[in-house]
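Undergrad: There's a structure below that I have some questions on.
The values are calculated or read from the model by the stated rules, or taken from the named source; none is laboratory data. In this text, all values refer to a predicted model and were calculated from it rather than measured experimentally. Reconstructed Cβ throughout: ideal geometry from the backbone, glycine too, with neighbour counts over all protein chains shown. Remember, those area values only see protein heavy atoms, side chains included, never the ligands or the DNA or RNA. Shrake-Rupley method; radii C 1.70, N 1.55, O 1.52, S 1.80 Å.
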Amino acid sequence: MVGLVLFGVGIALMVEAGLGLGPWEALNQGVARQTGQEIGTISILLGIPILALWWPLGERPGIGTVLNVLTIGTSTNVGIALLPTPAVDAAPIRLAMMLAGVLVIAVGSAIYLSTDLGPGPRDGLMTGAARRFGWSIRRARTAIELTVLMIGWALGGSVGLGTVVFALGIGPLLQLALRVFDRD
């Protein structure tokens with residue numbers, strides 16, 4: 001649960017920084033802007049049909065999967081409500097929040113993944129697509145992330161420096177954090 005809450009807080013930090021989001025968060029934000037809902041609520045609501053896509057791909061959820069859907073979205077909404085929004089001209093503060101967001105997401109991911117209680121809906125979609133279509137994880141992840149990012153951007157989700165930093169930084173940071181939290 002700590003890892004899932006941290007993941008949501010990391011998203012909230014990036015939202016409040018206003019410098020761009022990771023692909024799934026850009027999608028959630030784009031849908032939120034179109035519907036008037038909170039970004040975390042959209043994350044929860046989109047998690048359900050994403051789980052439905054698992055079935056033809058042969059993936060099976062665990063308790064961690066269900067907790068992922070409910071907790072990350074909720075903690076994102078709470079984080080956004082509690083975190084201050086820096087002034088538009090406070091670039092160093094915005095940059096620090098964005099960088100902290102990417103780091104917190106990596107640490108949160110490592111903590112929840114190390115429990116082996118089930119992947120999040122988006123991770124299961126990736127592994128299922130890779131297995132079903134014979135793709136490498138890299139190819140499946142890249143195809144899904146780019147598709148989601150384009151849809152999110154088209155719907156008004158934030159794409160910018162934070163998106164680039166997330167794309168380039170999340171893998172190495174997650175690998176480092178997994179060395180700390182998941183020694184296996």
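Undergrad: Mind pulling up the Rg/Rh value for the chain? Radius of gyration and Kirkwood radius, both on Cα. Let's see the in-between values first.
TA: On the way: Rg = 15.5 Å, Rh = 16.3 Å.
That ratio equals 0.95.
Undergrad: Can I ask one more? Once both labels are modelled 7 Å past Cα along the beta-carbon direction, what's the Arg183-Ala81 spacing in nm?
TA: 3.9
Undergrad: Another question about this same structure. Relative contact order for the chain using alpha-carbon pairs under 8 Å, separation at least 6, rounded to a whole percent? All intermediate terms of the calculation are to be shown ahead of the outcome.
TA: Working: 316 pairs, mean separation 76.7, N = 184.
42 percent.
Undergrad: What do you get for the angle between helix 23-35 and the principal long axis of the chain? Use alpha-carbon atoms, 0 to 90 degrees, nearest ten.
TA: Relative to the chain, helix 23-35 is tipped by roughly 70 degrees.
Undergrad: Moving on to the next point. Express the relative contact order of the range 1-63 as a whole percentage, based on alpha carbon pairs under 8 Å and six or more residues apart in sequence. Don't skip to the end; give the middle numbers.
TA: Working: 23 pairs, mean separation 10.5, N = 63.
Relative CO of the range 1-63 lands at 17 percent.
Undergrad: Sticking with this structure for a sec: List the relative contact order of the range 31-127 as a percent without decimals, with contacts defined as Cα pairs under 8 Å and 6+ residues apart.
TA: On the way: 71 pairs, mean separation 42.9, N = 97.
Answer for the range 31-127 is 44 percent.
Undergrad: Averaged per residue, what accessible surface does the chain expose to a 1.4 Å probe, in Å²? List each step's numbers first, then the result.
TA: Details: 9380 Å² over 184 residues.
Per residue, the chain has 51 Å² of solvent-accessible surface.
Undergrad: Along each of its three principal axes, how wide is the spread of alpha-carbon positions in the range 95-169, in whole angstrom units, largest first?
TA: 38, 32, 19
Undergrad: Ignoring everything except DSSP H segments at least 4 long, calculate the 222 nm mean residue ellipticity for the chain; use -39,500 (n - 2.57) per segment, divide by total residues, nearest 500. All intermediate terms of the calculation are to be shown ahead of the outcome.
TA: On the way: 9 runs with 142 residues, N = 184.
About -25500 deg cm²/dmol.
Undergrad: When the accessible area of the chain is computed with all protein chains present and a 1.4 Å probe, what percentage of it is carbon and sulfur?
TA: Of all accessible area on the chain, carbon and sulfur atoms account for 70 percent.
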